[in-house]
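What follows is a single structure, written as structure tokens, with notes after it.
No lab work stands behind these numbers, since they all come straight from the coordinates. Bear in mind that the values here come from a model prediction, so they are computed numbers and not experimental data. Quick reminder, even Gly has a Cβ in these numbers, built from the backbone with ideal geometry, and neighbours come from all protein chains shown.
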Amino acid sequence: MKRKVILPLVIGLGIILLAGSGFWIFRTVKTGSAERRAQLHRNTLKIIEDYLEQDEFQRALALLEGILLEDPENETARTLRDRALRLQREARDAGRTDQGGLDALENALALQAEALAARERLARSEIEAALRRETGAAARAEAEEERRALAAAEEARRKAEEEEIARRSAEVQTRMREVRALVDQGKALLEAGNLAAAVEKYREALEKMPPGETHFDAGIRADIADTWYAAAAGRPGTAEGAEALSQASTHASAAIRRDRTLAQPHATLGRIARDNRQWEQAAAEFREAGRLEAGNYLHQAELGRVLFNMRNYAGAAEAFEAVVRLNPRYETGWYNLGGAYRMSGKPDNALEAYRKAIEIKGDYAVAHREIGRILAARGDTAGAVESFNRCLLHTPGDIAALRELGAAQNSAKNYAAAETAFARALEIAPNDAQTNYNMALVKLELEKPEEARTYAGRAADINPQAVYFYTLGLACEGTGSEEDAIRAYVKAVSMDAKYVRPRINLGKIYLAGGMAAEALPVLLEAWQAEPASFEVNNNLGAAYARQEDWTKSVEFYGKALLVEPSNPTVMLNLSRAWVGAGNLDKARDQYQALLRVAPDNGDALFELGKTYASLGDAASARTSLEALIARIPNYPGKAEAERILGGL
């Protein structure tokens, strides 16, 4: 049977019919994309909540890192991450540690968990490496553009400084140039790594500062602050780096005290605050820098990035709009504007901005990828495939583009192409659970259950999730391994008490094996979770029919029919249940309703004829059975129909 799959995060919905004891059993194979995505998120967040309840902070944080790697702006995951970190700190402060004195079994479980964590770390490291490769070129291009802009700004400041010096007396000019020379020497010492000598050189420069030249003084201190900030950037996490940042902050603040019209020191303080994730302070400093130096687009770019990190997407969009107004040829400004628009819920504006970035820089790979994502969300699979391929033309190792290309190709039912895309992604990150899962879904579509089983098993092994075990169960069924399928479905159920689909399939397997007693509790649990589910109600009707509990069978077939009122299979099932219940009038009416929907349904014609005969309505019985023989001369029950006709 074909299975309709919608990727990257979900399974689609399909039905397989299985004959047994005269009744049909429905099995859910997939779910719709929105439902599956929501279910997947619920699964992961439930596991995280369970870990937090048990003080398993590291495991919770490991799962949260995986979510945030895929979706950095996921508000729920961010909130949970902050909660996990807070609880971890509180536990450490209170002296609580992980449970000690584990017995042999607990030690084994701990080792197993460590192995799982190691696999998850390996998968994340592979993805992170791929992400670094895919974004490296764009980041380098942006850094180079900003370096050029900063160099131009410094050159302009130097020129203004020279003009200022030229207006002074010869003595003051000499002092100013001595100060500038000492500052340049200090900068060279910093770049050479000699921080102590740089401190001394800067001190000497400031001591030689000519009195009364506050504007020049402020500019020199602003330059010194910048050189210290650059030195700190090359020494992250070190004592030297911390000292360099302190020096940068001190000199920038001193520059502002001497001259409040300078933008440069505000920008330096903004960068320091940004690096410390002090977003409000950073935003305030960049706003002031932008006000004081309105023509410098870099201040607006920095402000936009800070506001984006604060999740103030509308404000970020305004800042990036200012960037591209000031520098319409700055492709990164357009790209960032697209991101802000997208997060503000303006996909049309985002699409326009991304396309503008590509007009300027045709090989802007990540912009092509973002266009692909927007088009995929719109259902424009052809456009999405084209955009993802353009991205991969420039960055072949972009794992996100490969996965989403596979998703788009799958949506277009080009399963072979999707298989190729996911294979390429797995070459880059073989331990990525999501890609293994997606590959399993495509393999099912291509009717390669053995291969699907391999990939689904790998996904479940790397990062156990209910949906992965469910898919493993589907693949096991496809290979004829029903016992393995049962184990996979049971595991999926144990991981998510509200996950209906594995219960439906378990019920189907039990019913097919004649184990109605085993099927009933599983299906009733599914019904508690989704009482309006067509498949659950229909299968419950079949399970009760197997036990000859006709009242219950009629009840649940009736519920299924409320969901799909014209479903001929359920109408036939309900008719038979009424016969089993001994209510032949109801059975007759239901058979008649079915024949209005499907006039050539042989089973309905045959069984309606038998029901008329049992009711003593020989004329109607003859009409129904003769219609059966005339319309379906090869009907398997033809001999029985003729025997009944002969007795009327």
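Ignoring solvent entirely, what values of log10 I(q)/I(0) come out of the Debye formula for the stretch 241-353 at 0.16 Å⁻¹ when each Cα is a single scatterer? These q points yield log10 I(q)/I(0) values of -0.70. Phi-derived couplings, Karplus 6.51 cos²θ - 1.76 cosθ + 1.60 at θ = phi - 60°, listed residue by residue for the stretch 486-491: 4, 4, 5, 5, 4, 5 Hz, with x used for Gly and Pro. Ranked from largest, the principal axis spans of the Cα set of the stretch 437-585 equal 56, 28, 26 Å.
Under the combined filter of DSSP loop state and at most 16 neighbouring Cβ atoms within 10 Å, the stretch 360-462 retains these GluC sites (Glu not before Pro): GLU447. Per-residue Cβ neighbour counts within 10 Å put ASP496, ASP484 in the sequence ASP484, ASP496, beginning with the fewest. Distance between the C-alpha centres of the stretch 239-298 and the stretch 583-631: 87 Å, rounded to the whole angstrom. Skipping prolines and chain starts, which residues have an amide H placed within reach, meaning under 5 Å, of the one on ALA412, given they are 5 or more residues away or on another chain? Amide H to amide H, under 5 Å and 5 or more residues apart or across chains, ALA412 pairs with nothing.
Shape verdict for the stretch 169-286, please, from the Cα gyration tensor: rounded (a/c under 1.5), prolate (a/b greater than b/c) or oblate. Oblate, because a/c is 1.5 or more while a/b does not exceed b/c. Shown in residue order for the stretch 462-467 are the 3J(HN,Hα) couplings computed by the Karplus curve 6.51 cos²θ - 1.76 cosθ + 1.60 at θ = phi - 60°: 6, 9, x, 9, 4, 5 Hz (x for Gly and Pro). The phi-based Karplus calculation (6.51 cos²θ - 1.76 cosθ + 1.60; θ = phi - 60°) puts the 3J(HN,Hα) values of the stretch 565-576 at x, 10, 6, x, 5, 5, 4, 5, 4, 5, 4, 5 Hz, whole numbers, x for Gly and Pro.
For the residue pairs LYS552/LYS610; LYS361/LYS413; LYS491/LYS559; LYS552/LYS638; LYS508/LYS552, alpha carbon separations beyond 21 Å are given by LYS552/LYS610; LYS361/LYS413; LYS491/LYS559; LYS552/LYS638.
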